[in-house]
Every structure is written in structure tokens, then in C-alpha cells.
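All remarks here apply to the structure that follows.
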Amino acid sequence: MKIFYLIGFPGSGKTSYGRTAAAKSSFFFRDLDQYIEEREQKSISLIFETEGEAVFRDKESKYLKELTEICLESGHKGCLISCGGGTPCFGENHTFMKQNGKTIFLNTPFSVVLTRLIQGKQKRPMTQNLSPGELESKMQELYHQRLPEYMKADYIISALPHESVSLLRDLLQKE
């Protein structure tokens with residue numbers, strides 16, 4: 001069983017590209033944030049708002065491990081887990097992922113990510129109440145904080161959005 005963890009900045013396309021590439025490779029696919037929302041029966045935004053980021057990060061680590069176990073028991077030839085943007089940057093998550101599989105950093109150009117975040121800002125707890133200028137400033141700072149952790153990935157896909165699915169699919173099938 002091959003397990004891959006797709007990491008990258010919020011809005012980089014991890015879920016949409018990951019789902020498509022996994023389907024084309026006959027891999028089991030799960031989005032960690034969606035899994036957390038299902039298990040907790042509340043949105044990530046609500047968890048942040050009512051319980052705080054520290055509690056959310058603890059839950060994220062717990063569910064990352066749980067989802068890895070589900071992958072191992074799934075019977076599929078491989079598994080792709082799309083992680084939240086901060087998942088590899090907190091606690092021992094990145095180490096755990098590398099011990100249990102391979103990490104893939106989807107390195108989408110920041111300008112593309114920023115456009116997506118502005119368009120969908122109501123869905124994300126860290127962007128909901130920011131003006132476009134504040135959002136750009138905050139995301140630029142966060143991007144530079146997280147980039148060193150993302151760069152520790154086993155594989156890095158730096159591509160234009162329309163190329164990402166085929167490159168990701170090729171990587172899954174090659175391994």
C-alpha cells in the first residue's frame with residue numbers, strides 16, 4: 001500500500017487536483033479537512049471560532065493518524081490524502097507523514113493561490129474577515145513562514161494549474 005500526502009498552501013488545488021489524479025490512478029482519496037468536518041460534525045471555521053487553533057491542530061493530528069489507518073485498511077493499491085495548508089507545519093505531522101508514506105508539495109504560483117483565496121474567502125477561517133489588501137499581506141507572510149516546511153516534501157510539483165493533475169497522476173503511477 002502506497003500512501004501519499006498532498007501538502008501545500010490553502011488554495012493551491014490540493015483537493016480538486018488530488019481527487020482527479022487519485023481517480024485516474026485508482027487510488028483511494030480523502031481530504032483531511034473534509035474528514036475532520038465529518039467526524040466533528042462542524043466546519044473547520046466553527047472549530048477555529050469556538051475551540052481555537054490549538055484545539056483544531058490537536059484534532060488535525062489525531063485525524064491525520066486515523067485517516068492513515070483507514071488508508072492502510074482500505075484494500076486499494078494506493079491512497080492520496082489531501083492535507084490542510086497548515087498540517088505539515090504543526091507538531092510532528094510532517095515527520096509522521098514521511099514515516100508512513102511520501103509527501104508531495106503542490107507548489108502553485110502564489111498569484112493563483114491569492115486569486116482563489118480572495119474568491120473563496122468566506123470558506124476559510126483565516127481569511128473570512130479580511131479585506132483583499134489585508135488578505136494579500138497576511139497570506140504572503142504565512143506563505144513565507146510555511147514554505148520551508150513545504151520544501152521538505154519528498155516530491156515537489158511546481159506547475160501551472162492545468163499541468164498539475166497530469167504531473168500528480170504520473171507521480172502516483174510511477175511510485
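Going residue by residue through segment 24-34, is there one that turns out to be of a type outside the set (D, E, K, R) and assigned to a helix (DSSP H, G or I)? Taking every residue of segment 24-34 in turn, at least one turns out to be of a type outside the set (D, E, K, R) and assigned to a helix (DSSP H, G or I). Taking the listed residues SER137, SER131, SER111, the one that is more than 14 Å from SER12 (Cβ to Cβ), modelled with pLDDT of 85 or more and either surrounded by 17 or more Cβ atoms within 10 Å (Cβ to Cβ) or not β-branched (Val, Ile, Thr) (or both) is SER137, with no other qualifying.
Condition test on LEU168, is it within 21 Å of PHE48 (Cα to Cα), touching a helix residue (DSSP H, G or I) at 6+ places or on another chain (Cβ under 8 Å) and at pLDDT below 95? So LEU168 does not fit the description; no. Taking PRO125 as the residue in question, decide whether it is closer than 25 Å to ASN93 by Cβ and either of a type in the set (D, E, K, R) or at pLDDT 90 or above (or both). Spelling it out, it is not the case that PRO125 is closer than 25 Å to ASN93 by Cβ and either of a type in the set (D, E, K, R) or at pLDDT 90 or above (or both). For segment 41-51, does any single residue satisfy the condition of being closer than 18 Å to PHE105 by Cα, of a type in the set (Asp, Glu), in contact (Cβ under 8 Å) with a residue 40 or more places away in the chain and in a helix (DSSP H, G or I)? Checking segment 41-51: not a single residue is closer than 18 Å to PHE105 by Cα, of a type in the set (Asp, Glu), in contact (Cβ under 8 Å) with a residue 40 or more places away in the chain and in a helix (DSSP H, G or I). Taken together, the criteria exclude PHE110 from residues that are of a type in the set (Phe, Trp, Tyr), touching a residue at least 40 places away in the same chain (Cβ under 8 Å) and in contact with a Gly (Cβ under 8 Å, 6 or more places away or on another chain). For segment 69-78, the condition holds for at least one residue, the condition being that it is at pLDDT below 95, of a type in the set (A, V, I, L, M) and under 30 Å from GLN173 (Cα atoms).
The values are calculated or read from the model by the stated rules, or taken from the named source; none is laboratory data. Please read these numbers as outputs of a predicted model, since none were measured by experiment. All Cβ positions, glycine included, derive from the backbone under ideal geometry; neighbour counts span all protein chains shown.
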